[in-house]
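Heads up: the structure comes next, in structure tokens.
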Amino acid sequence: MSETVVVVVPDADILASAVAARLVVKIIDAQAERGWASIVLTGGRVAAKVLRAVKELPAADAVDWSHVDVWWGDERFLGAGDPDRNETQAREALLDALPLDPAHVHPMPDCDGPDADDAKAAADRYARELASAAKPGSSELPHFDVLMLGVGEDGHVASIFPEHPGGYETGTVAAVHNSPKPPPTRISLTMRTIQTAEEVWLIAAGPDKAAAIGMAIEGAGPTQLPAAGAVGTDRTLWLLDRAAAAKVPQRARSLR
């Protein structure tokens, strides 16, 4: 049965450092067990802080970065190198400084690619890339050791928004049109894909997230609050600063 843990730390800077330390340890443990690790990145301000904090950790030198697969949970369907793309943010914050194998860094397609402005074709392309990394005969998805997600003020995760058609997608990757947040066109892992990860980490800071997080942890429906449906097969971690956890019941917290 999947375990849910809520961890609360004082502020966003400490949160970033704590998540970075957990991520490095998770990668080291996965490599000790299987020789490889597979992580799914998210975007946003806190995510960038986390990645920058990883770069400063001495323990990061213990990771064999050439044996890490890097995926993304969602992406803004913009041109290559656009500063609003999650890939661009991640490369600037950390990835370009690591000895990663380029063949194992898997950004979602951009609108300059072979699919041009056809987001559905681009999403299908990413789904095929995921399938090609899966173990033969096992599934249409690779193993994800940890899948990180930001949480929006409305409770959205990746580019799955409350009551939006993207939340009903049944494939592994979906094109998202008419997003409530700009830009309007995006690509996202579906909830079904998110729920295959060994561990799902929901990371949030700031008081504007508190109401949605409180409702999600208390059992809101995933259609109304997608964050409530983002659970890992083994473990779900809510990694929050005090402001974001303001409406989380004290009994649910692991650390204050």
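Name the one entry in Ala20, Ala90, Ala48, Ala80 that is hydrophobic (A, V, I, L, M, F, W, C), crowded, with 17+ Cβ neighbours inside 10 Å, under 24 Å from Lys120 (Cα atoms) and without any contact (Cβ under 8 Å) to a residue 60 or more places away in the chain.
After applying the criteria, what remains is Ala90.
Looking for something touching a Lys or Arg at 6+ places or on another chain (Cβ under 6 Å) and crowded, with 19+ Cβ neighbours inside 10 Å - is there at least one such residue anywhere in the range 121-133? Checked against the condition, which is being touching a Lys or Arg at 6+ places or on another chain (Cβ under 6 Å) and crowded, with 19+ Cβ neighbours inside 10 Å, the range 121-133 yields no hits at all. A search for C-beta distances below 8 Å between a residue of the range 139-154 that is β-branched (Val, Ile, Thr) and any residue that is surrounded by fewer than 22 Cβ atoms within 10 Å (Cβ to Cβ) and part of a loop (DSSP other than H, G, I, E, B), counting only pairs 6+ apart in sequence or on different chains, returns Val146/Glu198.
With the requirement that a residue be of a type in the set (Val, Ile, Thr) and farther than 11 Å from Leu240 by Cβ, what does the range 199-215 give you?
Val200
Kindly evaluate Asp11 against the criterion of being touching a residue at least 12 places away in the same chain (Cβ under 8 Å) and within 30 Å of Pro183 (Cα to Cα). For Asp11, the condition - touching a residue at least 12 places away in the same chain (Cβ under 8 Å) and within 30 Å of Pro183 (Cα to Cα) - is met. Within the option set Ala220, Ala245, Ala197, Ala212, being crowded, with 22+ Cβ neighbours inside 10 Å and either free of Cβ contacts under 8 Å to residues at least 24 places away in the same chain or within 17 Å of Asp154 (Cβ to Cβ) (or both) holds for one residue only, Ala212.
Of everything in the range 155-171 that is at pLDDT 95 or above and crowded, with 22+ Cβ neighbours inside 10 Å, the residue that is nearest to Trp71 (Cα to Cα) is Ala158.
Scanning the range 152-177 for residues that are under 15 Å from the mean Cα position of the chain (by Cα) and part of a loop (DSSP other than H, G, I, E, B) yields Gly152, Gly155, His156, Ala158, Ser159, Phe161, Thr172.
What do you reckon, is Ser66 within 25 Å of Leu130 (Cα to Cα), at pLDDT below 95 and surrounded by fewer than 17 Cβ atoms within 10 Å (Cβ to Cβ)?
Values: within 25 Å of Leu130 (Cα to Cα): yes; at pLDDT below 95: no; surrounded by fewer than 17 Cβ atoms within 10 Å (Cβ to Cβ): yes.
Judged against the criteria, Ser66 is not a match.
In the range 179-232, what residues are in a helix (DSSP H, G or I) and polar (S, T, N, Q)? Hit for the range 179-232 is Thr193, nothing else. Put simply, of Asp115, Asp110 the only residue that is of a type in the set (D, E, K, R), out of contact with any Phe, Trp or Tyr (no Cβ under 8 Å at 6 or more places or on another chain), surrounded by fewer than 22 Cβ atoms within 10 Å (Cβ to Cβ) and not in a strand (DSSP E or B) is Asp115.
The values are calculated or read from the model by the stated rules, or taken from the named source; none is laboratory data. Since the structure is predicted, the reported quantities are computational estimates derived from the model, not experimental observations. Ideal geometry is used to build each Cβ from the backbone, glycine not excepted, and the neighbour counts take in all protein chains shown.
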